[in-house]
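Could you have a look at this structure, given as structure tokens, before my questions?
The values are calculated or read from the model by the stated rules, or taken from the named source; none is laboratory data. Keep in mind that what you see is a predicted model, and the values were worked out from it rather than measured. Cβ: placed from backbone, ideal geometry, glycine included. Neighbour counts: every protein chain shown. Heads up: the accessible areas ignore ligands, DNA and RNA and are worked out on the full protein's heavy atoms, side chains in. Shrake-Rupley method; radii C 1.70, N 1.55, O 1.52, S 1.80 Å.
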Amino acid sequence: RVAGLAQHPVAEVSCSTYSVLALTTDGRAFTWGDSDGDALGHDEDECSAPRWLDAPSLRGQNLAHGAVAYTNAAVATTDGRVFMWGGNAWERGIAAGRAARGPSEITWSGAPPCYQCTSVSLAWRHGYLLFHKRA
């Protein structure tokens, strides 16, 4: 149970040094902590209680897995889409050059279309996407 999320059962939590990402059983993301590098994905620089990440790019998405590390965060949806936000310290800035704050969908090459991303993991200057073959 996560304080401040009593009405929203938590399915998964990811923590970094300064911020927290919680995904709820209904597929939403909540973030709180210090937004160093836009790690929280919303306009508050510091947020002491969970705040729903109500970003236009995530509306209608069913979030399945998420990760937060240092200044970045990412989520994978149940249909294999991946959204990232933050300070671009991951892999030389996977979202480098984008003007928008908050979650942006990322794409990749090299994975055949019959595979979808099912999980994300982030750390300092690197991260991983886990793919599975679609059923």
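Going by amide H atoms built from the backbone, whose H comes under 5 Å of the H on VAL2, apart from near neighbours?
VAL10
How much length, in nm to one decimal, is gained on full extension between ILE106 and ARG125, taken as 0.36 nm per residue of separation minus their Cα-Cα distance?
5.2 nm
Roughly to the nearest percent, how much of the accessible area of segment 1-78 is carbon and sulfur, given a 1.4 Å probe? Can you show the working numbers first?
Numbers: 1720 of 3710 Å².
Looking at segment 1-78 in its full context, I get 46 percent from C and S.
Would you kindly derive the ³J(HN,Hα) couplings of segment 107-116 from the backbone phi angles with the Karplus curve 6.51 cos²θ - 1.76 cosθ + 1.60 (θ = phi - 60°), listing them in order in whole Hz, with x for Gly and Pro?
Values, residue by residue: 10, 8, 10, x, 9, x, x, 7, 10, 10 Hz.
Tabulate in residue order the Karplus-calculated ³J(HN,Hα) for segment 72-77, using 6.51 cos²θ - 1.76 cosθ + 1.60 with θ = phi - 60°, rounded to whole Hz; enter x for Gly and Pro.
In residue order, the calculated couplings are 10, 8, 8, 9, 10, 8 Hz.
Work out from phi, with θ = phi - 60° and the Karplus expression 6.51 cos²θ - 1.76 cosθ + 1.60, the ³J(HN,Hα) of each residue of segment 19-30, listed in order in whole Hz, and give x for Gly and Pro.
9, 10, 10, 10, 9, 9, 5, 8, x, 10, 10, 10
Next up: As an exercise, use a Förster radius of 22 Å and the Cβ-Cβ distance of VAL10 and ASP54 to find the FRET efficiency, rounded to the nearest 0.05.
After rounding, the FRET efficiency stands at 0.80.
Would you mind checking which residues have amide H under 5 Å from ALA69's amide H? H placed 1.01 Å from N; only 5 or more apart, or other chain.
Hits under the 5 Å cutoff: none.
Please give the contour-minus-distance gain from GLU46 to ASP26: 0.36 nm per residue of separation, less the Cα-Cα distance, rounded to one decimal in nm.
Numbers: separation 20, 0.36 × 20 = 7.20 nm, distance 2.50 nm.
The GLU46-ASP26 span can extend by a further 4.7 nm.
Looking at the calculated P(r) for segment 1-60, what percent of the C-alpha pair distances fall above 18 Å?
Value for segment 1-60: 28 percent of Cα pairs lie more than 18 Å apart.
Give me the net charge for the shell around ASP26: Cβ to Cβ below 15 angstrom, other residues only, Lys and Arg +1, Asp and Glu -1.
On the way: positive: ARG28, ARG59; negative: GLU12, ASP54.
Net charge around ASP26: 0.
Given a 1.4 Å probe, how much area per residue of the chain is accessible, in Å²?
Here the per-residue accessible area is 54 Å².
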